[in-house]
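Enquirer: The structure follows.
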Amino acid sequence: MDNRVDMNNKIDDEIDMKSKNDDSSKNDDSNKIDKSNRVDNVLYYVAVISVIVLLVALVPMMWLGRYNHALGDDFYYGLNAKQALDSSGIVGALKAAAEGTKTQYNIWQGTYSAMYLMYLPPQIFGDFFYKLYPAVLIGMLVIGVFSLLHPIVVKMMKAPAKEWVIISSVISFMCVEMVPSMGEAFYWYNGSMYYTGFFVLTLIFFGMLINYVIDGDWVRLIPLCVIAALIAGANYASLIPAMILMVLLFVGLVIKRASAGRLIGTALVFVVTMIGFVISVKAPGNALRQATSYGTTPVKAILKSLYQAFNYLRGWNNVWMYAALLLLTPLFIIMVKRVTYGFKLPLLFIVLGFGIWASASCPTFYAQNNGGAARVFDLSWYMLVLYVYASWFYLVGWAVKRIRVKEKYIYIGAPVTFLVLYAILTILYLPGKPQVNLNSVQVAKAITSGDAKYYEEQYQERVKLIESDEQNLVFKVYDVPDSLMYVLWVGDLSQDSSEDNNIAFAKFYKKESARTTSE
């Protein structure tokens, strides 16, 4: 009897113990779920706030466009299309743009798709469209960043949409707010379309290409090949890095033993890009233009580009870049802990990325032996933002996968370590004070202070003269407020009415001549 009682008590104890373990396990699972829900809630609100901050920053940048107007060679390139539009309608304008592109191909440069758009500036359809253009381009830049990062963050990193929204918003904010030359980036059509515009198209292209690599849907190859042909006929500063990335992507697919369909599709897109590149490079106009320029050798161009990129890193140091990095670090940690990728060889990743980014400066050094105009710097800035954040993400991934410490110490240690490194670099290597001015703040001040209105009033005085019966137009040179110098104003007509841009301006408005005067 006693044995039976002992046996029953033992069984009861085991049942109680199992019950307690089950309850403990349930409590652990419940705690993990609660913690996960809290993190998700925090990220949701961060995503909402990041979008609101981005939109608030974009509003003044877009609103400034209502004070914008065509400048300089916008009239030179748009003249034939304007005349054709007036006489033959939109079809005639499209044909005139094609003829102009052909002419430039033979006498100046071979960037066929960019030149075609240069011959169709928005002011030929009305002043309103030139004023609308900056808002469209700025919006497209944001769309381009979001398009590129969606397949990377959501599909490759298995992250929820809110994390994609946060990262895309921060990177878009940095691209817009800290771009070196706002005027040549967004407001002057010919300069901005040629560089920022086709860079945006390149971002969208790579977003689509990554999607194709992921799902292998051959239907994507049709728009991919079309866009590849377009970016191949545009600026070389964004094309060269793009071609290098395509080659590396193909090599990566070979190493990963991707399906034959994906390899063939990726190769096809690259071949289309190469064909367009060869067509552009072989233009007779390039040779004629090169004869009047002083370039350098390919090796020297590469070395100078690397040195220029290093100077960009030093000169473009700013507090907002690092503040955003610190903000994103906890999110990066969450993301890398979710995936099994090992983040190997971080130094190789950083060095390779630096070389790809630096290659954007090679074309101008090779052709002109200099770093290019401000609009080329703008392009390098966008690429720098992408390079820095990608490199930091990879470094965070490498550290998290290899440093075996408690999770809370990672969240604390990573930002602290980064701050220490930043302080050391700032003291030892980085010149000057970190840049703190935001473009949207400068623009908002220009609008609210009346500077933009004052600039517009001067333009309207010109409009009155244009609409008058006067055939020989003489404009006062603009009195440009400092806040709008190289923003809305990046150049003007000459005081010599025989200059090409002056002649084109006069013909554009059916006048005999046009010039400016300082009197």
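Enquirer: Roughly how many whole Å is it from the C-alpha centroid of the range 183-215 to that of the range 71-147?
Expert: So the separation of the two Cα centres works out to 16 Å.
Enquirer: Using Cα pairs closer than 8 Å and at least 6 residues apart in sequence, work out the relative contact order for the chain, in percent.
Expert: It rounds to 20 percent for the chain.
Enquirer: Tally Lys and Arg at +1 and Asp and Glu at -1 over the other residues with C-beta under 10 Å from the C-beta of residue 122: what net charge comes out?
Expert: Spelling it out: positives minus negatives among the neighbours equals -1.
Enquirer: First select every other residue whose beta carbon is under 10 angstrom from the beta carbon of residue 83; then total the charges, Lys and Arg +1, Asp and Glu -1.
Expert: Result for the local shell: +2.
Enquirer: Still on this model: Based solely on C-alpha atoms, express the radius of gyration and the Dmax of the range 432-499 in angstrom.
Expert: That works out to 15.6, 54 Å for Rg and Dmax.
Enquirer: Hydropathy first: keep DSSP H helices in the chain averaging at least 0.5 on Kyte-Doolittle, then drop any whose Cα extent along the axis falls short of 20 Å, and list what survives.
Expert: 127-150, 161-177, 198-215, 236-255, 260-281, 319-338, 374-402, 407-428
Enquirer: What is the sum of charges, Lys and Arg at +1 and Asp and Glu at -1, for the other residues whose Cβ falls under 12 Å from the Cβ of residue 268?
Expert: Residues near residue 268 contribute +2 overall.
Enquirer: Tell me which trypsin sites (Lys or Arg not before Pro) from the range 301-345 have a DSSP coil assignment and no more than 12 other beta carbons within 10 Å of their own.
Expert: Counting only loop positions with at most 12 other Cβ atoms within 10 Å, the trypsin sites (Lys or Arg not before Pro) in the range 301-345 are 344.
Enquirer: Grab the eigenvalues of the alpha-carbon gyration tensor for the range 186-345, scale each by 5, take roots, and send me the semi-axes largest first in whole angstrom.
Expert: Working from the Cα gyration tensor, I get semi-axes of 30, 26, 16 Å.
Enquirer: Next up: Rounded to whole Å and sorted largest first, list the principal axis extents of the Cα atoms in the range 56-203.
Expert: Each principal axis gives a Cα extent; for the range 56-203 these are 53, 32, 27 Å.
Enquirer: Dipole size in debye (nearest 20) for the range 243-377 around its Cα centre, Lys and Arg Cβ +1, Asp and Glu Cβ -1?
Expert: Here the size comes out at about 220 debye.
Enquirer: Between [x] 40, 26, 22; [y] 35, 26, 24; [z] 53, 27, 22, which matches semi-axes √(5λ) of the Cα gyration tensor in Å calculated for the structure shown?
Expert: Given [x] 40, 26, 22; [y] 35, 26, 24; [z] 53, 27, 22, the calculated one carries the label [z].
Enquirer: May I pose another question? Place +1 on the Cβ of every Lys and Arg and -1 on the Cβ of every Asp and Glu in the chain, take the dipole about the Cα centre, and give the residue among 346, 186, 442 whose Cα lies farthest towards its positive end.
Expert: Ranked along the dipole, the leading option is 346.
Enquirer: A 22 angstrom limit on the alpha carbon distance is what I want to check against. Which of 453/511; 82/102; 158/337 exceed it?
Expert: The pairs that break the limit, which is 22 Å between Cα atoms, are 453/511.
Enquirer: In vacuum, with every alpha carbon of the range 287-382 counted as one equal point scatterer, what does the Debye formula give for log10 I(q)/I(0) at q = 0.13, 0.18, 0.24 Å⁻¹? Two decimals, please.
Expert: One equal scatterer on each Cα of the range 287-382 leads to -0.62, -0.93, -1.24.
Enquirer: Quote the charge dipole size of the chain about the Cα centre in Debye, to the nearest 20; the model charges only the Cβ of Lys and Arg (+1) and of Asp and Glu (-1).
Expert: 1600
Read the figures in this text as sums done on the coordinates, not as results from a lab. Since we're looking at a predicted model, the values are computed, not measured. Using ideal geometry, Cβ is built from the backbone for each residue, glycine included, and neighbour counts are taken over all protein chains shown.
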